[in-house]
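Visitor: Right, I'll just put the structure down here and ask away after.
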Amino acid sequence: MLRDHHARLLALAAAFALAAGCGGENTPPAAQTGGQPAVAQPAPQPTAPLAQSPASATPVPDAPTATDDDYDKGAALAAAGKFTEARAVLEAAAQKDPGEGSLASAVAVLRDVDSGRIPGDVARRIFRGIDHHNAKRWKEAHEDVNEALKLAPEYPRAHEAKATLHAYQGQYAEAVEALDRALELDPKFADAYYNRGAIRAELKQFDAAIADYDRALELRPSFWQAYRHRGSAYSHKNDAQAAVDDYTKALELRPRDVDTLLMRGIIQAAVDRWEPAMADLTKVIELDPRNAAAYYNRGVGHQQKGDLDRAVADYTKAIELDPADPAPLINRGLVHAGRREYDRAIGDYDRALKVAPDFALAHYNKGRVFQDTGRQQDAIGAYRTFLEKIGADEPLLAAETRQRLAALERPREK
């Protein structure tokens, strides 16, 4: 039920980390399109891949909704013990947005007060814990939620609130334990299955996560967030069709959800379904013109299709919106190199390395430009740096780089 000031935090979003360049410290983002480096002629060099990576260790909040302010207002009233006013605000918001799980959960707590299932102080403590959580006052949040549990130790939603606090502090074992207890008390508690699935996905236990999402959806077929995050779990298992099916179902229930559209576009692009991917990414941009990941990924699509002017335009917009992301710089540099605009290419690669010094792909691409322009010693240095930073990753590209190095260094040994 907890959510922060600008985003629904009913559950962890164990989905794609939706920013390119968010892979490991010494690696580019995850797998290349179709399993092979994307190329642009006449100078084939690897692009930065689609913005597709393993689940991050940090919860990814959902996008803001039109009812967020209503939720905050209602939660604040409930935290102050003004339950009648809080319920009026939250029920009105839930009617406007019936698919929003945290609103329904908040209303359920207040109805439990009205029915006498829990004392009013339990609800007040839970909602006050939300306020402390939003401000990252973890000690005070735990104190309030623990007090709610003392007053109502058999109340499943108090255990769920405790789980959420633990989860957002990275205390996943404690979070799962609290959710297990909630489900012992109420085996039909869809939110608890959903939240436990999200934590399991965060821990890369994707089969277990899918099982929890399955159960949540059996109990609440309109649970669009469960479809979306089950789709993400399927994507991590490389089951693109199952992922697309779940994203599509989520969009039937929530047609304008930007994050779901973006993820469906990304997974379709990753398996070379470029037309539907580009349609999804363009829709994301229409709904959210400042979505850097959508511009970046659409740029990859234009580049794959050979529409390099549009690719450059999208990469440039992505760079403008997110200057700290090296991936669009790498790809724009690749387009420049393919057009033999070598100074521009090197400029983009150098900018990428300023924001991400360990982004190994930039060194490889610099080496290719240096080699193509006859700067032999610079090429050797760039290739050596690439091999140092790439480690055991990208073995095929590393082997090809060693061959280039051997060819470049051979004349010096004679």
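The values are calculated or read from the model by the stated rules, or taken from the named source; none is laboratory data. What you are looking at is a predicted structure, and each value in this text was computed from that prediction instead of being measured. Note: ideal-geometry Cβ built from the backbone for every residue, glycine included; neighbour counts use all protein chains shown. For the accessible areas, the whole protein counts, side chains as well, though only heavy atoms, and no ligand, DNA or RNA atoms are used. Shrake-Rupley method; radii C 1.70, N 1.55, O 1.52, S 1.80 Å.
Visitor: If only one of Asp212, Asp191 is touching a residue at least 60 places away in the same chain (Cβ under 8 Å), part of a helix (DSSP H, G or I), closer than 24 Å to Leu261 by Cα and open to solvent by less than 10 Å² (accessible area, probe 1.4 Å), which one is it?
Guide: Asp191
Visitor: For a quick check of your reading of the model, give me the residue pairs whose first member lies in the range 123-145 and is without any contact (Cβ under 8 Å) to a residue 60 or more places away in the chain, whose second is not in a helix (DSSP H, G or I), with beta-carbon atoms closer than 7 Å and at least 6 apart or on different chains.
Guide: Arg124/Gly81; Trp138/Gln169
Visitor: Restricting attention to the range 221-259, and to residues there that are touching a residue at least 40 places away in the same chain (Cβ under 8 Å) and open to solvent by 20 Å² or more (accessible area, probe 1.4 Å), which single residue is farthest from Ala292 (Cα to Cα)?
Guide: The extreme case among them is Ser222.
Visitor: Filter the range 267-292 for residues that are within 20 Å of Pro326 (Cα to Cα), at pLDDT 95 or above and touching a Leu at 6+ places or on another chain (Cβ under 6 Å); which is least open to solvent (accessible area, probe 1.4 Å)?
Guide: Of everything passing the filter in the range 267-292, Ala292 is least open to solvent (accessible area, probe 1.4 Å).
Visitor: Given the structure, is Gln225 at pLDDT below 95 and assigned to a helix (DSSP H, G or I)?
Guide: So Gln225 passes the test.
Visitor: Would the range 241-253 turn up any residue that is in a helix (DSSP H, G or I), closer than 28 Å to Ala216 by Cβ and among the aromatic types (Phe, Trp, Tyr)?
Guide: Yes: one or more hits.
Visitor: For Leu334, which of the numbered conditions (1) part of a helix (DSSP H, G or I); (2) within 26 Å of Asp259 (Cα to Cα) fails to hold?
Guide: Of the numbered conditions (1) part of a helix (DSSP H, G or I); (2) within 26 Å of Asp259 (Cα to Cα), the odd one out for Leu334 is (2).
Visitor: Which residues, taken from the range 152-170, are of a type in the set (Gly, Ala, Ser), in contact (Cβ under 8 Å) with a residue 60 or more places away in the chain and open to solvent by less than 10 Å² (accessible area, probe 1.4 Å)?
Guide: Across the range 152-170, the qualifying residues are Ala161, Ala167.
Visitor: Go through (1) at pLDDT 85 or above; (2) buried (at least 23 other Cβ atoms within 10 Å of the Cβ); (3) not in a helix (DSSP H, G or I) for Val109 and report which single condition fails.
Guide: (3)
Visitor: Turning to a different aspect of this structure: Just to be sure, is Ala148 surrounded by 24 or more Cβ atoms within 10 Å (Cβ to Cβ), touching a Phe, Trp or Tyr at 6+ places or on another chain (Cβ under 8 Å) and at pLDDT 95 or above?
Guide: It is true that Ala148 is surrounded by 24 or more Cβ atoms within 10 Å (Cβ to Cβ), touching a Phe, Trp or Tyr at 6+ places or on another chain (Cβ under 8 Å) and at pLDDT 95 or above.
Visitor: Please go through the range 79-100 and pick out each residue that is part of a loop (DSSP other than H, G, I, E, B) and either open to solvent by 40 Å² or more (accessible area, probe 1.4 Å) or touching a His at 6+ places or on another chain (Cβ under 9 Å) (or both).
Guide: Ala80, Lys82, Pro98
Visitor: What number of residues in the range 296-317 are open to solvent by less than 30 Å² (accessible area, probe 1.4 Å) and small (Gly, Ala, Ser)?
Guide: Going through the range 296-317 one residue at a time, the tally reaches 3.
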